[in-house]
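Accompanying notes for the structure given below.
The values are calculated or read from the model by the stated rules, or taken from the named source; none is laboratory data. Every value quoted in this text rests on a predicted model; they were computed, and no experiment measured them. No Cβ is skipped: glycine too gets one built from the backbone with ideal geometry, and neighbour counts run over all protein chains shown. Remember, those area values only see protein heavy atoms, side chains included, never the ligands or the DNA or RNA. Shrake-Rupley method; radii C 1.70, N 1.55, O 1.52, S 1.80 Å.
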Amino acid sequence: MGRDWKAAVIIVWIFGALAADAAVNESTPSHYRYSYGKLNATQAPSPHSTLPPPRRSSQLDRDHETHLIRSSIIFGLAKAANESNVNGVCHTQLQQVQRGILSQQPWAMKVLDASGTKPSGFVFGQNYWLGSRAVCEGVQRPVGITLSRNYERVMHYSILTQSAPFEMDYRMIYLRHSSPWQVEIKLMSEQILHIGLCLPKACDSEEVKQLAREYVTDGSFNKNDIFDMRPEVLYMKDLRLSKRFFQRTSFKLMVASLLVTGALTLCAQQLRVAKRGDEPSPGLAPVESELWQTLDTMLKWQPLQSFVSCYDVPTNWRKIFATRENSSGEIPIMNGLRSVCAIGILIFHVVWYMYFTVHNKVVLLSYAEKAFFQYVSSAPLLVDVFFTISGFLQTYNFMRNAKQMESVRRNGLWGNAKLFGKLLFHRYLRLGPLYLILMGSVDLAFAYIGDVSLYHINERYDELCTQHWWRNLLFIQNLFDHRDLCVNWSWSLACDMQFFLVANVILFVYARHPKVAKLLTITGLLATITWSYGICINYKLEFSFDATYATGTQIYTSPFVRVLPYIIGAIAAWCLLERRLQVELSEQQTRWLWHFALSVFISSIYATVRRDVGRLLTTTLFVLGRGIFSLSVCWMILGSATATGVWWSRMLEAKCFQHLNRLSYAIYLMNPLVISLFYSLTSSSTDADPFMLSVVSCGFTLIVYLVSIVFSLAFEVPYSNLSSLLLRSSSKPKSA
């Protein structure tokens, strides 16, 4: 009987302890030993926790609340809200957020944590107060995560399970500041504060924007602002794709282009099947079978068959990846030069577009002025390699075409005008389709990221392309302000087209009046040098990044300045074909000249390692330095054309570069779009770290390479095939 009594006391004591355990508030921080299962089951905290209980709202003094108003934007907005500046539901819910934070309710603490506050690093460009979009989403629903039962944890379990009593929404608000305590680089949008807010869905964006204006002007924000920011509210984003996106003209044109390309590709596949003699699949429905038979009948018409064959994917795939031994009439080093320079410019764009999402901009630009990183920061000079090669090839191919030269001499004015138009048409046919598809893709991509990206997009190509698409269509966009360019990296393509037109005019003149053409070429060379000197001195050119960007229209994208390497390349081709540079050199002298050309090439890239040199020296380095740089490229081309070389030139002549060279145009066009799109869709700002930059550059190179293959297969190679087809057709003798 005594034992039964003692057992009953023990049982009562155990049940009492369990009841006391159950009475503990679930938000109490304690050492948890989790039982079996996921964390969506109720867990009892340990009764042996030594942590203090949470502070209740009654324990929060006025200083604590004042600190929250100054330090937390979401709390300050909630405090400033009243029924006169927001709707009734929004006001009520903001009051609940405020009370929830003061009473430390788990869902409200997540709202506080999800909303942006001022981080460190402001002096060097940290303007991304993004908070956490993922945490704001966690306010809406429990976080699905499984934690082991074998470990003790100190945490409020409800931060995983407790949801807000109403719908919340993550939005961005953008403020322009004018703080003297941040380095102002003068490269577009570095003074825009990006602030993430986890707000009740009932709050209208316009109401919140007005509420934010009151918050930053009534002194609540500025009381704790030792950096003297004086912010001005610009706009808000709800980070949702607008319905206008699907109504854009570019969207309709892109869909139509994809449908037409897909249809032509299917026709090419059907033509391939028909040529093999395969019968249609017996599983086709009667209507499908009839359609395939009608298509098969149409494809028996030879002109249509030839046209459709241009879209044959397996054939075009082999063309892109084909490698072969270099023939005697080719200059193989061009493949390597183009490929390496295309990758170099791609890496430069990785750094350039990182600037708009990086939170330590000053550090990023300081790397660009270090000697080790000059191969990246001076990569825009590599554009001159493309201009030099273009000038060389234009002259080389024109003068080697004896039949065409004879036609120019024999034709009258009208005949030469038609021949000139034919050359222009075929160049446009080869370059235009992929370029126009890029414009449509850029317009759509920037309309998309303008709606859903966390970042302020300074260059709204979706707006610029809508206004100025015709400039790009005519390849004259570089003649306008560089801040108004649609697809601004295409300025060099416009320059190249303009140089092509002028070079063809001079070559037509050369075929009939060689001395006049030579005089025009030398005059153009001297004129561009004189013009470049004058314009650089007039605009006080400096190698600093802000000055280079400010003079972009007058110097960087100007065809009158950038034509110098094109002329030098054209002169080099003329010298090669006219045998004006025949000099007997020993093997050692030839090897020395190859290494000297490489030294000049590298020295030109590293010439800007000091960016604070005098104005006259800066201008001389820019003008004559680019000329010497182009001469070094010309030596490499001439040396390869005459079958001389050294170990590193033979590396550039490797067969693998034949493949990359075929993709260089697509890589050049697509890489800024891919890079800017990826950066714009990140959920947190990036850090300028050299090691991560190298990893990111490798990743972007692979992605751009794969994207370039797809776009080249669909929109470049087919039209190159069509151009060749038309040229073959026009060269056939007409029957009587």
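Taking only Cα atoms, what is the 0 to 90° angle, nearest 10, from helix 249-276's long axis to the longest principal axis of the chain? Tilt of helix 249-276: around 60 degrees.
With all pairs of separate Cα atoms included, the range 141-240 yields a Kirkwood hydrodynamic radius of 16.7 Å.
Rounded to the nearest 10 degrees, the inclination of helix 690-715 to the longest alpha-carbon principal axis of the chain is 60 degrees. Spin-label model, LEU577 to LEU304: label points 7 Å out along the Cα-to-beta-carbon direction sit 4.1 nm apart. Here's how it looks for VAL358: its modeled amide H is under 5 Å from those of THR686, which are all 5 or more places away or on a different chain. Dimensions of the chain along the principal axes, based on C-alpha atoms and rounded to the nearest Å, stand at 125, 79, 56, largest first.
Where does helix 413-452 land angle-wise versus the long Cα axis of the chain, in degrees 0 to 90, nearest 10? Taking the Cα atoms of the chain, the angle to 413-452 is about 10 degrees. Protein heavy-atom surface of the chain, 1.4 angstrom probe: 62% of the accessible area is carbon and sulfur, with nucleic acids and ligands not counted. Only protein heavy atoms count here; under a 1.4 Å probe, TRP574 has an accessible surface of about 50 Å².
Between the alpha-carbon centres of the range 507-548 and the range 156-180 there is a gap of 56 Å.
Label-to-label distance for GLU587 and LYS201 is 7.9 nm, based on points extended 7 Å past Cα in the beta-carbon direction. Between GLU406 and LEU702, residue separation times 0.36 nm minus the direct Cα-Cα distance comes to 102.0 nm. Net length available on complete extension from LYS209 to CYS656 is 155.4 nm, with 0.36 nm assigned per residue and the Cα-Cα distance removed.
The slack in the chain from PHE480 to THR249, taken as 0.36 nm per residue of separation less the alpha-carbon distance, amounts to 80.8 nm. Across the chain, Cα pairs under 8 Å and at least six residues apart give a relative contact order of 16 percent. Amide H contacts of GLU167: LYS201, each under 5 Å away and 5 or more positions distant or on a separate chain (H built 1.01 Å from N in the peptide plane; Pro and chain starts excluded).
The string of couplings for the range 166-176 from the Karplus curve (6.51, -1.76, 1.60, θ = phi - 60°) is 8, 6, 10, 8, 8, 9, 10, 10, 10, 10, 8 Hz, one whole number per residue in order, with x for Gly and Pro.
Cross-link check: pairs LYS79/LYS237; LYS403/LYS515; LYS209/LYS237 evaluated at a Cα-Cα cut-off of 19 Å; pairs beyond the cut-off: LYS79/LYS237; LYS403/LYS515.
Can you tell me the accessible area per residue over the chain, all protein chains present, probe 1.4 angstrom, in square angstrom?
About 50 Å² of surface per residue is accessible.
The label-point distance for TYR549 and ARG611, in a model that sets each label 7 Å from Cα toward Cβ, rounds to 1.0 nm.
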